[in-house]
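Have a look at the structure below before the remarks.
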Amino acid sequence: MGDVVHALPAVSDLLHALPGVQVDWLVEAPFAAIPRLHAGVLRVLPLAWRKWRKHLLRADTRAALAVLRAELRREPYDAVLDLQGLLKSALWGLQARGPLLGYDAASIREPLAALFYRRTAAVSRQLQAVERNRRLAAAHLGYAMPDSPPDFGIAPPAGSWAAPGPSAALIPCASRPEKLWPEADWIALGQRLQRAGLVPVVVWGNDDEHRRAQRIADGCGGLVPPFLSVADTAALLGAARQIVGLDTGFSHLGAAFGAPTIGIYCDHEPGLAGITGPGRVASLGGKGQVPTLAAVMAQLERHLAEP
């Protein structure tokens, strides 16, 4: 999901530089709600590859693949831009009718993917992900890289669930155990947010995460929402007065909405994929450098002190 959020400013740049351009977006189906939030995206083409790859020989899978390929080839594109830079994304980009463009082998996450591009561009791997995407789009599509801050171009949608009053979102769950932060520290943060008049809402996505969220909420007097879609979770994040989250796509999405956001990094360097957004943001920790409760609390105090 973070890759999807980080690509949004490149779309905004493109539409500003080339008014009237048509933008279609091929995206993993679970995250299709995110590009749909950008008014400049005409068509969102969901790709259920994680589901399909398990059942490639089934008739319904083959039919779904044929439908998607037909959609990708329905009309010719002037450019097919692979911002993700993976072998998977390059191979799917080849299905569209148009020249496939991407990073060169020295700039890309999976160098083999560069073999499939009609044209490549060099973009430093030392740049933050949002800036890399913006520079790649500008290099291939013929406009100067804007010097303006990134414009994510999205606003929170309406949701089916809302907290009863001013809220803060806690995102304590991650894809790997190495990314987790101690539950006792989350509880302490939630208690501080309660004292600030904010209801801590603990975000979750699967059964293990639900149990973790419930323990944290029980410890700080917070709330655990029902299972929410990506769109409904986006609405929850957009309404939050403060977000504190691990290195997950939802933390990046909340920051993109402009919510004050603190990112906690326990097993990854934030420099190249740190929290970015138009509001107050901070990225704490790094690989082998789990941020202390004191450090996160100090950053939270700075956020709470600002109007």
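Bear in mind that the values in this text are calculations on the coordinates, not laboratory data. What you see is a predicted model, and the numbers here were worked out from it, not measured in a lab. FYI the Cβ positions are ideal-geometry reconstructions off the backbone, even for glycines, and counts take in every protein chain you see.
Helix-only mean residue ellipticity at 222 nm, the chain, DSSP H runs n ≥ 4 weighted -39,500 (n - 2.57), per residue, nearest 500. What is it?
-11000 deg cm²/dmol
May I ask you to compute the full-extension gain from residue 22 to residue 43, defined as 0.36 nm times their residue separation minus their alpha-carbon distance, rounded to one decimal in nm?
6.7 nm
Note the full-extension length gain between residue 97 and residue 214 as 0.36 nm times their separation in residues minus their Cα-Cα distance, in nm to one decimal.
Roughly 37.3 nm would be gained on extension.
Given a Förster distance of 41 angstrom, what is the FRET efficiency for residue 56 paired with residue 195, based on the Cβ-Cβ distance and rounded to 0.05?
0.15
In whole Å, what are the Cα extents of the stretch 2-141 along the three principal axes, biggest one first?
Principal axes ranked by extent give 42, 33, 27 Å for the Cα atoms.
May I ask what percent, to the nearest 5, of DSSP beta bridges between residues of the chain are antiparallel?
The antiparallel proportion sits near 5 percent.
Could you pull the Rg and Dmax for the chain, using just the Cα atoms, both in Å?
Calculated on Cα positions, Rg and Dmax stand at 20.0, 58 Å.
For residue 298 and residue 148 in the same chain, what is the full-extension length gain: residue separation times 0.36 nm, less their Cα-Cα distance, in nm?
Here the segment from residue 298 to residue 148 would lengthen by 51.0 nm.
Report the relative contact order of the stretch 2-141, percent, no decimals, based on alpha-carbon pairs under 8 angstrom and at least 6 residues apart.
Normalised by residue count, the contact order of the stretch 2-141 is 20 percent.
How high is the relative contact order of the chain? Use alpha-carbon pairs under 8 Å, at least six apart in sequence, and give a whole percent.
15
If you rank 148, 167 by fewest surrounding Cβ atoms within 10 Å, what's the result?
148, 167
Sort out for me the Cα centre separation of the stretch 221-276 from the stretch 66-124, rounded to whole Å.
So the two Cα centres are separated by 29 Å.
Spin-label point model (7 Å from Cα, Cβ direction): what's the residue 289 to residue 116 distance in nm?
Once both label points are built, they end up 3.6 nm from each other.
Only sites in a loop by DSSP and with at most 16 other Cβ atoms within 10 Å count here; which chymotrypsin sites (Phe, Trp or Tyr not before Pro) in the stretch 216-264 make the cut?
Here the sparse-neighbourhood loop sites are 227.
In which sequence would 53, 212, 302 go, from the one with the fewest C-beta neighbours within 10 Å to the one with the most?
The most exposed by this proxy come first: 53, 302, 212.
Once you list every other residue whose beta carbon is under 15 Å from the beta carbon of residue 108, what net charge do they have if Lys and Arg are +1 and Asp and Glu are -1?
So the environment of residue 108 carries a net charge of +3.
Among 129, 17, 217, whose mean-square fluctuation peaks in a Gaussian network model of the chain (Cα, cutoff 10 Å)?
17
If you count, for each residue, the other Cβ atoms within 10 Å and average over each peptide, how do 194-201, 131-138, 276-283, 287-294 line up from highest to lowest?
The densest-packed peptide leads the list: 131-138, 276-283, 194-201, 287-294.
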